[in-house]
Amino acid sequence: MSKGKIIVIDGLDGSGKSTQLELVAEYLQSRDVKCRAVSFPNYDSLSGALIKDYLNGKIPCEDINGAYTASTLYAIDRYVSYVTDWKEFYNHGGIILCGRYTTSNAIYQLTKLPPDEQEKFLDWLFDYEYNKLGLPAPDLVLYLDMPIEVSQRLLSERYMGDEQKKDIHERNVRFLEACRSNALILAQRCGWNVIECAEDDLPLPIEDIYIQICSILKVLFL
């Protein structure tokens, strides 16, 4: 039995992950590639309900220990999705397109930690999700890099100017700037593909971002 592949599309809020996930799924299906798209967190699950509480500030996870606690909430949500939904499909050669994955835990939770704690955290995180929980590691990660000032404008448009609709991460610009900086460091460290999503302080057209992604996917699916 030949296992499938995990392709991750990640990026901070407002980077266009959901749109590109849908386009990439259509692209692969048009080439007769057996694929499924899944997004994390799954807010409709019991585990996703806990993440909602965390993002609404009801479960405080902002200190050093909180980085591990919040990571566990997200990891369990992925684990439940894997064992109840797409494990069999993946084990029989299916391609899983993930909107966010373990990569998001690395980006967001790493930012809560001082520099001397970060390498230890990454070792723990990757061992916990890929070895302890048995989640398949990604074969390809596409990081959508959108400058924070651009993504903030897009989020404000999404919420029609109601800043209260932003979660604890979305409204913390300094935190997001640190997340973006760490994401670009992680991309270099872990071999992620960085997709540029803006130019001259303006978001690139959706089609331009999609073309960048397809040029990478063609290497895998010629």
- Note on the structure: Taking the chain and counting helices only, DSSP H stretches of n ≥ 4 at -39,500 (n - 2.57) each over all residues, the nearest-500 ellipticity at 222 nm comes to -16000 deg cm²/dmol
- segment 72-81 - phi-based ³J(HN,Hα) in whole Hz, Karplus 6.51/-1.76/1.60, Gly and Pro as x: 5, 4, 5, 5, 5, 4, 5, 4, 4, 4
- Task: For L204, list long-range residues whose amide hydrogen, built 1.01 Å from N in the peptide plane, is under 5 Å from its own amide hydrogen.
- Result: A198, E199
- Message: Please list 3J(HN,Hα) in residue order for segment 126-134, calculated via the Karplus relation 6.51 cos²θ - 1.76 cosθ + 1.60 where θ = phi - 60°; whole Hz, with x for glycine and proline.
- Response: 5, 5, 5, 6, 8, 9, 5, 7, x
- Message: Whole-Hz ³J(HN,Hα) for each residue in segment 99-114, computed from phi via Karplus 6.51 cos²θ - 1.76 cosθ + 1.60 with θ = phi - 60°, x for glycine and proline: what do you get?
- Response: x, 6, 6, 3, 4, 5, 4, 4, 5, 6, 7, 4, 5, 7, 9, x
- Item | About the Cα centre, charge dipole magnitude for the chain (Lys/Arg +1, Asp/Glu -1 at Cβ), debye | 680 debye
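Of the accessible area of segment 42-118, with the probe set at 1.4 angstrom, what percent is carbon plus sulfur?
54 percent
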- Message: Rounded, prolate or oblate for segment 1-48? Axes are the square roots of the Cα gyration tensor eigenvalues, ordered a ≥ b ≥ c, and the cut-off for rounded is a/c under 1.5.
- Response: oblate
- Counting as exposed only trypsin sites (Lys or Arg not before Pro) in DSSP loop states with no more than 16 other Cβ atoms inside 10 Å, the longest exposed-site-free span of the chain is 59-170
- Item | Cβ crowding within 10 Å averaged over residues, with 101-108, 38-45 ranked highest first | 101-108, 38-45
- Item | Formal net charge of residues neighbouring S181 (Cβ-Cβ distance under 12 Å; K, R +1; D, E -1) | 0
- accessible surface per residue for the chain, probe 1.4 Å, DNA/RNA/ligands not counted, whole Å² -> 49 Å²
- Task: Taking amide H positions as placed in the peptide plane 1.01 Å from N, state which residues far from V141 in sequence (5 or more) or on other chains have amide H under 5 Å from it.
- Result: V8, N193
- Residues whose placed amide H lies under 5 Å from that of A37, excluding near-sequence neighbours: L97
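The values are calculated or read from the model by the stated rules, or taken from the named source; none is laboratory data. These figures come from a predicted structure and were not determined experimentally. Positions of Cβ are backbone-derived with ideal geometry, glycine not excepted, and every protein chain shown enters the neighbour counts. For accessibility, only protein heavy atoms count, side chains too; no ligands or nucleic acids. Shrake-Rupley method; radii C 1.70, N 1.55, O 1.52, S 1.80 Å.
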